[in-house]
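Worksheet: the structure to be examined is printed underneath.
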Amino acid sequence: MKRFLFFILSVGWMWSVFSQHTDLSTPRSTVYTHLENLKPSNYHPEISARTLYGVSGEEAVDKAMKLKYIYEGRGLRIDYSSIPNDPDYTDSINFPFPKHAYVLFPIRLPDIYLEKYGDKWYYSKYTVSKIDAIFSEIYPYGINYINKIPPELKIKFLGLEIWKWFGLILLLILAYLLHIFVRKIFYFILRFAKNRLTPFGLNVERIDRRLHQFSDPLSYIISLFFIQKYLPSLLLPINVGSFIISGLNIAEIVFWIFVFIRLVDVGMSFYLTYTEKTQSKLDNQLVPILRNTLKVIVIILGLFKLLITFGADPKAVLAGASIGGLALGLASQDTIKNLIGTFMIFIDRPFRIGDWISFDNMEGSVEEVGFRSTMVRTPDTTVVKVPNSKLSEMAINNKGQRVYRRYQTKLGIRYDTPPHLIEAFVEGIKHLIELHPLTRNSADYTPYNVRPYNVEFVDYGDFSLQILVNVYFKTYDWGEEMHGRHILHLGILKLAEKLGVGFAFPTQTLQMEMFPGQPPVYPDYPVSDEEINKRLKEAMEEFKNKIIKY
């Protein structure tokens, strides 16, 4: 009789336990049943194992325990209030076709999800098949080593067992030593690659410094991977493990941001070294603009990744970024237009730094191209900032990119100058042009190009004989051209002085050829060819001595 009563009581107790803890009607109740029945104060692993579909017995208990350790090893805290409590819940976001399923952690643990079979919710068949592989990935050495730890090391100190404190300290020391070793290896590899891939003499201190800075965050990332790999084996409490793993994930993203920022610096160092060897200064202006733009892009993408790590929905982040970007774009249309204009200037390259340009009734020398505007210094030395959006749309006359800088003028000489002296004066000016260090001369002439220069008697003016002087200066600099004109003008004046050629000016002269008792008044022109040639030679010698200084 006593045995029969004991049997009845045992069966009743088991039936009450079963009926109380096997609620699988909703995703929330299934997860609750799984985890609550594995707590030390309510340890019923056989009930927890019933939440897995398609397995039973010891295998189901083993997988239920492993699934709990998977959550803890990834630092994932279960918030029951966020799990749907609808028996007919449908997920149309994480699956190609809407189905009765629920993914607890779509970003960090997408292979673990619940699915409805009949009228009950279980961990899906696919999840059950993945549990062993995920567990082995998180705990490469398993967790059976806990039984070999001496009881003395299992005493708690400040909330953690002593062996876990030793494990944390050892893990940090090994991670630091790994950081030092890997940093040197990375720096050696990067320098070796740089020396092999840059055969054009780019071995400069700037690049070596950037490579050293680039290898630092890379080595920290390797150390973080090492900690993330072996930290779950310490079996830390979920509140401690979740805090540490979240910090490691944030640190990893921050270091990746630094890696890409350093990568931008390294790339810009190579590019800056290249631009310093080119004649154009516009490339040098592009370096800070391109560097800052790439760094802003890296930081924005890093912030998006941080938001997702904190639990934000990626689609919601992208949607918010799109709406925010649209609002920002509408509020700063001029800034965006100027930024686009800046990139169009660098792509089209209508001018270079130092070029003399004219546009919209304005001209000057280009001094700097910035994010928003271009600085132009006008002839009166004032600085004008022109928005890049407008500058990219204007018709720009770039005088700095002319092959030659053309200069044309007319010399007016007196009407009473003899023809043979005019011819000598014209030939003398041609000799000056040939001797001038900056003018295009006969050595630069090709049959398919413009004539190197023109000096001709071309017109009869109202009060002078017009001699055209058309020359081309071989310089890109406006100031150098002005100095070249100065030398040429002085040479022409000296030549005219030597030959006795006078320049006319608008006057009215009453000429009395015959005056009673006085001889006619005429200028004293050289008459003989010998005298003219002598004076020409003297003028050329003086001009040669003059240009030696330049």
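The values are calculated or read from the model by the stated rules, or taken from the named source; none is laboratory data. Please read all numbers here as calculations on a predicted model, not as lab measurements. Quick reminder, even Gly has a Cβ in these numbers, built from the backbone with ideal geometry, and neighbours come from all protein chains shown.
Overview of values
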| quantity | calculated |
| --- | --- |
| Residue list for the stretch 355-401, filter: under 23 Å from R291 (Cα atoms) and in contact with a Gly (Cβ under 6 Å, 6 or more places away or on another chain) | N388, S389, S392 |
| The lone exception for E367 - which of (1) more than 19 Å from G341 (Cα to Cα); (2) among the charged types (D, E, K, R); (3) in contact with a strand residue (DSSP E or B) (Cβ under 8 Å, 6 or more places away or on another chain) it fails | (1) |
| Selection count where residues are within 20 Å of I238 (Cβ to Cβ), touching a residue at least 12 places away in the same chain (Cβ under 8 Å) and part of a loop (DSSP other than H, G, I, E, B), scope the stretch 78-105 | 2 |
| Residue check, E480 at pLDDT 85 or above and closer than 30 Å to R377 by Cβ | yes |
| Given (1) over 60 Å from the mean Cα position of the chain (by Cα); (2) at pLDDT 80 or above; (3) assigned to a loop (DSSP other than H, G, I, E, B), index of the condition T475 fails | (1) |
| Near pairs, Cβ below 7 angstrom, 6+ apart or cross-chain, from the stretch 424-438 (in contact (Cβ under 8 Å) with a residue 40 or more places away in the chain and assigned by TED's automatic domain parsing to the domain that holds E497) to any residue that is among the hydroxyl-bearing types (S, T, Y) and not in a helix (DSSP H, G or I) | I433/T439; I433/Y453; P437/Y550; L438/T475 |
| Residues of the stretch 106-120 classified as touching a residue at least 60 places away in the same chain (Cβ under 8 Å), within 21 Å of D79 (Cβ to Cβ) and outside any strand (DSSP E or B), total | 1 |
| Tally of residues being more than 46 Å from the chain's Cα centre (by Cα) and among the small types (G, A, S) across the stretch 85-129 | 1 |
| Residue check for E137: at pLDDT 85 or above, outside any loop (DSSP other than H, G, I, E, B) and either surrounded by fewer than 14 Cβ atoms within 10 Å (Cβ to Cβ) or in contact with a Cys (Cβ under 9 Å, 6 or more places away or on another chain) (or both) | yes |
| Among the residues listed as I250, I238, the single one being of a type in the set (A, V, I, L, M, F, W, C) and at pLDDT 80 or above | I250 |
| Scan of the stretch 377-414 for residues that are surrounded by 14 or more Cβ atoms within 10 Å (Cβ to Cβ), among the hydroxyl-bearing types (S, T, Y) and more than 26 Å from L438 (Cα to Cα), ordered by number | S389, S392 |
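Matching residues to (1) at pLDDT below 90; (2) more than 54 Å from the chain's Cα centre (by Cα):
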position	(1), (2)
R440	yes, no
A443	yes, no
V450	yes, no
F457	no, yes
Y460	no, yes
F463	yes, yes
I467	no, yes
V471	no, no
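So that you can scan it fast, the table gives a plain yes or no per residue for (1) touching a helix residue (DSSP H, G or I) at 6+ places or on another chain (Cβ under 9 Å); (2) more than 20 Å from L24 (Cβ to Cβ):
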residue	(1), (2)
P45	yes, no
M65	yes, no
D79	no, no
D86	yes, no
P96	no, yes
K99	no, no
Y102	yes, no
